[in-house]
Amino acid sequence: MSTKLPAFFLIAALTWAAPAAAQTYFDAHNHITGVLPYYAYADLPAFIRGLSGRGSVDAQERLALYLYLSDVWYPRDGAKLGDARFSPPDGQRFSLGARAALVVYRNQVAGSQAVLDGALERVLTATPWSEFDSAYAFRGGPAMQYLLTEYYGGNAARLGADLCKATVLDLAATNIHDSEQSLPFIGGWHFKDGHSDRLDWVNCASDEPSAPSVAAALHRMDEPKPIVKIVFMTHTSQLATLPGGKTYSEWSKRDRCAATTLPAALVTTPATIYHALLAQNRAGRPVVPRARRATFFATVVGIDTAGPETTCFTPTGMQYYERLVDAVYRASKARRALGWHGKLLVHTHVGEGSVIDYAPTPPAMPWTFADAFERLPPTWTNDAQAHANITALLGAIADFEQHHPDVHDYVVFRMAHVAWADAAQAAAMRAEGVEADVNLESNVATGAYPIARMPLGAQAIMTDDVDPWLADENTNFALNDLLDVLAPDPDDPMAVGAVLGNASLKYLLEQHVRCLLGTDADGVEHSDIVKEYRYAAALIAYWNHTDPRFRKLAGDVSERTMFDNVAWHLRDMSTDTALPYQQEVTP
């Protein structure tokens with residue numbers, strides 16, 4: 001990584017200590033369906049055995065998955081999309097870059113492990129060419145169908161059980177000792193023939209870490225039992241609804257905020273959320289036996305609202321948000337009446353700034369390496385709208401607090417990402433008692449924190465650090481994990497600062513917002529919770545040595561602050577009254 005910084009930044013070598021290895025890591029922002037690494041989908045049983053040192057997912061199994069995607073799925077479902085950036089708006093977002101990886105590398109994967117792994121990764125993770133929502137579409141669609149057919153004889157229950165086991169073991173293997181996992185919950189439980197996959201995931205989080213087979217595997221791995229909590233995830237589009245509720249405001253389709261049909265499949269009512277948090281279906285009938293209600297309450301700790309931030313938050317959308325908050329607030333009170341203690345989380349993705357790949361003109365077919373992958377695709381990160389959405393959400397929180405002065409006794413507010421927050425918005429978050437979770441690695445992987453924003457400068461980064469990897473097909477795959485190329489040593493403050501030094505974490509820490517760290521789904525986003533803490537620690541060291549204003553405003557903030565904030569958050573979530581909002585620092 002080149003560090004051709006202005007002279008102001010070229011200071012004496014920083015004196016600091018890397019974070020201690022023996023820590024308990026809390027992941028404040030994870031998506032349970034995105035935890036597994038891409039190669040787990042090639043042979044899930046082998047992946048599970050491999051976690052405790054009893055095998056691995058070999059090259060032939062990886063090749064078989066790739067060939068299924070390229071030879072079965074693509075001709076059947078992908079080719080009809082042509083060179084469109086994504087599938088139709090009412091469908092899954094199979095990105096062009098991921099589809100191109102199934103075409104361009106088709107005749108190379110059998111002869112090269114590096115090409116095979118790189119191409120599969122390009123399909124099943126977020127890369128500069130294939131965005132995060134596309135990775136989820138491939139995982140939950142064709143890759144899941146492949147597993148179901150090849151290894152489970154069509155038995156979805158056995159596949160679900162192994163997905164649960166693999167996820168819990170992988171959390172432990174990647175040092176995620178405690179986490180709040182977003183579970184897709186759009187529209188509610190979706191019971192079919194008396195069964196709900198979503199309830200299976202709740203039961204997985206509550207029961208699987210203690211299951212005998214998992215306990216035995218954890219013992220072989222020499223890893224502690226992970227603590228897994230669930231938050232129910234609704235869709236961000238409803239925060240942008242327009243009067244009448246049939247449309248929402250969206251910017252990516254017309255390059256400006258404009259009315260777009262709101263698919264019925266994305267709608268979740270506040271009443272559905274209220275009942276779900278009480279372990280009920282929409283009709284108010286229990287979904288778990290009375291004897292398991294306390295376990296359910298201990299596992300399900302709130303809600304999340306997420307989706308590609310191509311939305312323009314609206315007054316009508318903020319009214320919906322307040323009704324959603326009210327549902328959580330009332331559910332928290334109702335739980336207390338049933339003997340539960342604690343608060344529920346309202347977690348909202350905002351200020352991330354969705355990236356639209358291959359805009360405005362995608363490469364024409366037939367695709368080749370030169371036109372599909374030899375350059376980073378042009379992208380548009382709508383930072384202005386992301387910034388406006390933060391302001392809108394803060395206004396809605398303030399309005400709800402004004403009408404419900406005791407809300408912080410029952411609800412904890414957190415904003416996810418806030419990658420485009422400024423100092424004034426950070427101050428408002430602090431004033432409203434709102435937490436933030438920061439996802440440094442994910443924001444680079446998705447382009448929410450783009451190269452153009454990095455202190456070193458886009459031209460220097462592209463010339464020195466990206467272009468040498470792009471043109472060569474043998475090295476191009478390294479850019480799947482862009483941050484690892486730009487700042488491979490997370491303990492080097494100068495190199496990390498040259499890349500991540502303009503992250504909004506700086507403003508959040510200056511304003512003493514209670515900041516937590518997250519992976520945003522480590523299997524999709526090339527993230528690692530330990531590295532996330534190391535990057536944050538390096539950034540704090542960088543700002544302390546380069547910015548007197550930061551030193552003055554942030555005070556004694558350190559890597560330890562992040563762990564203290566976790567302790568504070570968990571304590572706040574477990575109490576029945578609001579704790580004084582503060583950013584604790586261990587003496």
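For residue 449, the conditions (1) aromatic (Phe, Trp, Tyr); (2) under 21 Å from residue 239 (Cβ atoms); (3) open to solvent by less than 40 Å² (accessible area, probe 1.4 Å) all hold with the exception of (2).
Here's the yes/no breakdown for (1) open to solvent by 20 Å² or more (accessible area, probe 1.4 Å); (2) under 20 Å from residue 482 (Cβ atoms); (3) charged (D, E, K, R):
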| site | (1), (2), (3) |
| --- | --- |
| 111 | yes, no, no |
| 119 | no, yes, no |
| 130 | no, yes, no |
| 137 | no, no, no |
| 143 | no, no, no |
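Identify all residues within the range 286-304 that are buried (at least 18 other Cβ atoms within 10 Å of the Cβ) and of a type in the set (Val, Ile, Thr); write none if there are none. 287, 299, 300, 301, 303 - these are the residues of the range 286-304 that are buried (at least 18 other Cβ atoms within 10 Å of the Cβ) and of a type in the set (Val, Ile, Thr).
Please go through the range 398-433 and give me each residue that is assigned to a loop (DSSP other than H, G, I, E, B) and at negative phi, ordered by number. Step through it out loud before you land on a result.
In the first step, residues of the range 398-433 are kept if they are assigned to a loop (DSSP other than H, G, I, E, B); the result is 404-406, 410, 418-422, 432-433.
Matches in the range 398-433: 404, 405, 406, 410, 419, 420, 421, 422, 432.
Scanning the range 194-219 for residues that are within 14 Å of residue 281 (Cα to Cα) and more than 26 Å from the chain's Cα centre (by Cα) yields 194, 195. How many residues are open to solvent by 10 Å² or more (accessible area, probe 1.4 Å) and over 15 Å from residue 544 (Cα atoms) when one looks only at the range 492-510? So the count comes out to 0.
When only residues in the range 515-537 that are of a type in the set (Ser, Thr, Tyr) and open to solvent by less than 10 Å² (accessible area, probe 1.4 Å) count, which is nearest to residue 582 (Cα to Cα)? Out of the qualifying residues, it is 533.
In summary, residue 569 fulfils each of the numbered conditions (1) crowded, with 21+ Cβ neighbours inside 10 Å; (2) within 30 Å of residue 129 (Cα to Cα) with the single exception of condition (2).
Residues in the range 466-484 that are open to solvent by less than 60 Å² (accessible area, probe 1.4 Å) and within 26 Å of the chain's Cα centre (by Cα): 466, 476, 477, 478, 479, 480, 481, 482, 483.
Taken residue by residue, the range 429-436 has at least one member that is modelled with pLDDT of 95 or more, crowded, with 23+ Cβ neighbours inside 10 Å and within 14 Å of the chain's Cα centre (by Cα). Here residue 405 passes the criteria (1) in contact with a helix residue (DSSP H, G or I) (Cβ under 9 Å, 6 or more places away or on another chain); (2) open to solvent by 10 Å² or more (accessible area, probe 1.4 Å); (3) under 30 Å from residue 333 (Cα atoms) except the one numbered (1). When residue 78 is tested against the conditions (1) farther than 24 Å from residue 156 by Cβ; (2) at pLDDT below 95; (3) assigned to a helix (DSSP H, G or I); (4) not charged (D, E, K, R), the lone failure is (1).
The values are calculated or read from the model by the stated rules, or taken from the named source; none is laboratory data. Worth saying up front: this structure is predicted, and the values here are computed from it rather than measured. Note: ideal-geometry Cβ built from the backbone for every residue, glycine included; neighbour counts use all protein chains shown. To get the accessible areas, we keep the full protein, side chains included, count just its heavy atoms, and leave off ligands, DNA and RNA. Shrake-Rupley method; radii C 1.70, N 1.55, O 1.52, S 1.80 Å.
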